[in-house]
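This is the structure I have questions about; it appears just below.
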Amino acid sequence: MNSINIIIGEKANIQYASSIIGKLNFFFKLKNRELPNFYLSFHNTKEVDMLGVLLIYKLLEYSVSENCFITPRIFLPKHIKQEMKFYGFHDLISELMTGNDTIKEFENLKLDVKKDFFIAPIALIKGTNQSSKILNQKYYPQISEYYGYESISLMIFQLFTELYSNFSSHALDETKSIMVAHGNHNRIEIACADTGIGIITSMKNTYNTKSDFDIVRNAVSKGITSKPDTNHMGYGLWYVDEVVKRLNGKLHIITSNTYYKRLGNKVWLSHSSFWQGTIIYLDIPVTQPILISNLENNNPTHYLRFV
Amino acid sequence: MTIDLSEYGPVIGDSVVASEIYHKIYSVVRNTSVVIDMAGVKLMATFCAKQIFGKLYLELGPNDFYDKIQIKNASDNIKTTIGIGIETSLNESKF
């Protein structure tokens, strides 16, 4: 019987995201195939970052939930397991690989605040207000206390909620996904990934725009949404993009075959290995808050009264 | 009547919560004026602003919306977000 052996290279981080995706995206063609003799090894992988851990998790989750393989074998060396533990994924992946329902582990994801940094894995569970309760009751108070400067916390939570909203709307039949943040007093990085229909398919249906590059440019423009008659507004990704631009940060969006990369003021659009769904990663300094009110001169006093 | 949104705060950031708030306000404002107290709300996601205030604006019309609803203790950021929500709903309703 033929076997499928995949060995991931030395680096599983944001710089090599397209390469990892390219090696493993054949999973998306294996829905319900239940292939035997699949072996995936990370023994060569020396560096893995938060996005690398998230991508590995999402691909494994897809392969399990969509019955791509029968009893796949995955080798994770000790240092990779440690990184997964560091980012709060270890128990989740363990449950996944034993075929157990992961919903309990989702609900057990915890904010971990240390003196010099915090790790915030956030379960995005569609159709409930559970994520909202966790953000409000646990994450907001502790992260606010960590930074001690309200505007910085507000910017971070505006980023969380705008990203969460995008993933909720594009994830379609996915009922749960994960966003994860790693912050310290100087910087924060946030990553989220889904295996839904992706920005391009979602917006193409609405705008009938031909170019995938134009679609992704529109996605980060103000007021352009894939769902104009719904609650969505086209401000979410625009806000994320503007914050990254003004703070000279980094933003990576990979959706279907398109890669949008922003480094400060510069933007690149290129073709990428296919990812079914959307991946967003950002890394910004937290030395200056950028809120919606810093970006818009909107004055709503002609619509309603403020007292 | 005053509706205090503190129980939903400090972050209003998901559509289930936004729907609940919309229905709470709408059920009152159909019959009487309302003051919405935002003291306990530090942040509102833009899509929630549209789902609550944009929808209320379209449902009530500009005159009733202005006459019947007041908002108190809103930060500049919240005011801007609400304004964005209303304007987006208004722009979309024209197409």
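Only one of (1) within 13 Å of the chain's Cα centre (by Cα); (2) modelled with pLDDT of 85 or more fails for A:Arg187. Which number is that?
With (1) within 13 Å of the chain's Cα centre (by Cα); (2) modelled with pLDDT of 85 or more applied to A:Arg187, the lone miss is (1).
Just checking, which of A:Asn294, A:Asn299 is within 25 Å of B:Lys68 (Cβ to Cβ) and within 14 Å of chain B (Cβ to nearest Cβ)?
Numbers: A:Asn294 fails: within 25 Å of B:Lys68 (Cβ to Cβ).
Selected residue: A:Asn299, the only one of A:Asn294, A:Asn299 that is within 25 Å of B:Lys68 (Cβ to Cβ) and within 14 Å of chain B (Cβ to nearest Cβ).
Any residue at all in the range A:91-105 that is under 18 Å from the mean Cα position of the chain (by Cα) and closer than 20 Å to A:Ile8 by Cα?
There is at least one residue in the range A:91-105 that is under 18 Å from the mean Cα position of the chain (by Cα) and closer than 20 Å to A:Ile8 by Cα.
For residues that are under 19 Å from the mean Cα position of the chain (by Cα) and over 15 Å from A:Ser202 (Cβ atoms), scanning just the range A:222-244, find the one that is modelled with the lowest pLDDT.
So the residue we want is A:Tyr235.
Next up: Being aromatic (Phe, Trp, Tyr) and out of contact with any Lys or Arg (no Cβ under 9 Å at 6 or more places or on another chain) is the filter here; which residues of the range A:85-140 pass it?
Listed by number, the residues that qualify are A:Phe86, A:Tyr87, A:Phe89, A:Phe117, A:Phe118, A:Tyr139.
Matching residues to (1) surrounded by 15 or more Cβ atoms within 10 Å (Cβ to Cβ); (2) in contact (Cβ under 8 Å) with a residue 40 or more places away in the chain; (3) within 10 Å of another protein chain (Cβ to nearest Cβ):
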site	(1), (2), (3)
B:Tyr8	yes, no, yes
B:Ala18	yes, no, yes
B:Val28	yes, no, no
B:Asn31	no, no, no
B:Ile86	yes, no, yes
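Here's a follow-up. Checking B:Ile3 against (1) assigned to a strand (DSSP E or B); (2) within 9 Å of chain A (Cβ to nearest Cβ), which single condition isn't satisfied?
(2)
Another question, then. Pick from the range B:43-70 the residues that are buried (at least 21 other Cβ atoms within 10 Å of the Cβ) and facing another protein chain (nearest Cβ under 7 Å): which of them is farthest from A:Ser165 (Cα to Cα)?
Once the filter is applied, the top-ranked residue is B:Ile69.
May I ask you to verify whether A:Gln288 is polar (S, T, N, Q), buried (at least 17 other Cβ atoms within 10 Å of the Cβ) and more than 8 Å from chain B (Cβ to nearest Cβ)?
Criteria not met by A:Gln288.
The values are calculated or read from the model by the stated rules, or taken from the named source; none is laboratory data. A quick note: this is a predicted structure, and the numbers were derived from the prediction, not measured. In this analysis, Cβ positions are derived from the backbone assuming ideal geometry, glycine residues included, and neighbour counts consider all displayed protein chains.
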